[in-house]
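Encoded as structure tokens, the structure appears first; notes follow it.
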Amino acid sequence: MKTDPSPSEERLARFLARSGTASRRHAEELIREGRVTLNGKAVREPGTCVDPAKDSVRVDGKRVKPAAPVYFLLHKPRNMLCTMEDPRGRPCVGDLLSGIKGKPYPVGRLDFDAEGLLLCTNDGELANRVIHPRYKVRKVYHVKVRGVPDKKVIDRLRSGVVLDGRKTAPAGVSFLKRGDRNCWLRMTLHEGRNRQVKKMLERFRYQVVKLKRVALGPLALEGLPKGGYRRLRPDEVQKLQASVAGVDKGKKR
Ligand code: URA
């Protein structure tokens with residue numbers, strides 16, 4: 001069995017992830033469970049090479065067709081879930097994406113009351129890499145805070161605080177605006193823990209009043225109206241792919 005892909009080939013698990021069949025990890029499980037066939041034969045090795053143009057891949061007997069990858073930037077408004085649907089009928093990102101061919105889905109999360117940049121794609125491989133902490137993809141937030149943290153707190157936020165038993169990675173923190181009763185911070189993180197910005201500030205008893213993601217890796221929100229979306233330009237796709245291309249320990253993207 002071949003596991004070194006030629007230019008027209010790719011690894012089976014990646015192919016399944018890109019087709020929208022499953023996440024990369026779930027695809028690997030499906031393969032190991034023997035539920036995937038390649039040209040009629042069960043394969044159990046996720047690294048097996050396939051040529052999407054020639055080979056027939058089936059999961060539980062059903063033919064898998066490769067989806068053309070699509071990449072969108074979306075401006076999530078406040079008070080919207082970051083999911084494709086909601087059983088309780090609350091507004092969700094899926095409502096905005098429903099008309100788009102290729103079934104893009106949001107990569108990573110923004111809280112219900114947060115707004116800003118969301119990458120949406122059907123490229124499961126890229127999505128996994130953007131989310132994975134190993135790639136240290138940069139996320140930039142504008143954060144309105146009740147109160148004005150002093151230098152000591154800002155230094156602690158920068159150097160890392162212990163959340164859920166684990167110290168946060170070094171972060172960029174600077175003032176955008178400083179008032180008497182509140183302020184705006186610009187925070188740059190290279191990890192994406194659950195409610196990380198809010199938890200980091202809560203740790204020092206500061207409440208986040210507004211939270212907006214303005215950049216993700218090489219992508220910037222600028223110019224996109226709330227609730228709007230646009231296709232990524234080819235140069236943006238290229239930069240995004242380059243930013244998660246290899247694992248270079250310690251390198252920030
Ligand atoms: N940090 C948070 O607290 N919430 C988000 O939605 C994103 C980052």
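The values are calculated or read from the model by the stated rules, or taken from the named source; none is laboratory data. What you are looking at is a predicted structure, and each value in this text was computed from that prediction instead of being measured. FYI the Cβ positions are ideal-geometry reconstructions off the backbone, even for glycines, and counts take in every protein chain you see. Accessible surface is based on the protein model in full, side chains and every heavy atom, while ligands, DNA and RNA are left aside. Shrake-Rupley method; radii C 1.70, N 1.55, O 1.52, S 1.80 Å.
Could you rank the peptides 143-153, 224-234, 183-193 by their average count of other C-beta atoms within 10 Å per residue, with the highest value first? All intermediate terms of the calculation are to be shown ahead of the outcome.
Numbers: 143-153: 15.5, 224-234: 13.2, 183-193: 17.9.
Ranked from most to least packed, the peptides come out as 183-193, 143-153, 224-234.
Counting only C-alpha contacts under 8 Å and six or more residues apart, can you give the relative contact order of the chain as a whole percent?
Numbers: 512 pairs, mean separation 47.6, N = 253.
Reported as a whole number, the value is 19 percent.
What accessible area per residue, rounded to a whole number of Å², is obtained for the chain using a probe radius of 1.4 Å? Numbers along the way, then the final one.
Working: 13870 Å² over 253 residues.
Heavy-atom SASA per residue in the chain reads 55 Å².
How far, in nm, would the chain grow between Ile100 and Thr188 when pulled straight, counting 0.36 nm per residue and subtracting the alpha carbon separation? Let's see the in-between values first.
Details: separation 88, 0.36 × 88 = 31.68 nm, distance 3.07 nm.
Full-extension gain reported as 28.6 nm.
Can you give me the P(r) profile for segment 10-63? Cα pairs, bins 5 angstrom wide beginning at 0, each as a whole percent.
4, 25, 38, 28, 4
In the structure shown, do any of Lys76/Lys210; Lys139/Lys210; Lys198/Lys239; Lys76/Lys212; Lys76/Lys103 have a Cα-Cα gap over 20 Å, and if so which? If you can, show how the numbers build up before the last one.
Details: Lys76/Lys210 13 Å; Lys139/Lys210 16 Å; Lys198/Lys239 29 Å; Lys76/Lys212 9 Å; Lys76/Lys103 17 Å.
Checking Cα-Cα distances, Lys198/Lys239 exceed 20 Å.
Per the Kirkwood formula on distinct C-alpha pairs, the Rh of the chain is how many angstrom? Before the final figure, lay out the partial values.
Working: mean 1/r = 0.0502 Å⁻¹.
The Cα-based Kirkwood calculation yields 19.9 Å.
Taking R0 as 45 Å, what FRET efficiency do you get between Arg146 and Glu85 from their Cβ-Cβ distance, rounded to the nearest 0.05? Don't jump to the answer; show the numbers that get you there.
Values: r = 33 Å, r/R0 = 0.74.
The formula returns an efficiency of 0.85 here.
Expressed as a whole percentage, what fraction of the accessible surface of the chain belongs to carbon and sulfur atoms when a 1.4 Å probe is rolled over the protein heavy atoms? List each step's numbers first, then the result.
Numbers: 6700 of 13870 Å².
Looking at the chain in its full context, I get 48 percent from C and S.
Enter the per residue convex hull volume of segment 70-190, computed from alpha-carbon coordinates, in Å³ rounded to the nearest integer.
Details: hull volume 16.2 nm³, N = 121.
About 134 Å³ per residue, rounded to a whole number.
Would you work out the Kirkwood radius for segment 138-216? I mean one over the mean of 1/r across all pairs of different Cα atoms, in Å.
Values: mean 1/r = 0.0810 Å⁻¹.
Evaluated over segment 138-216, this radius sits at 12.3 Å.
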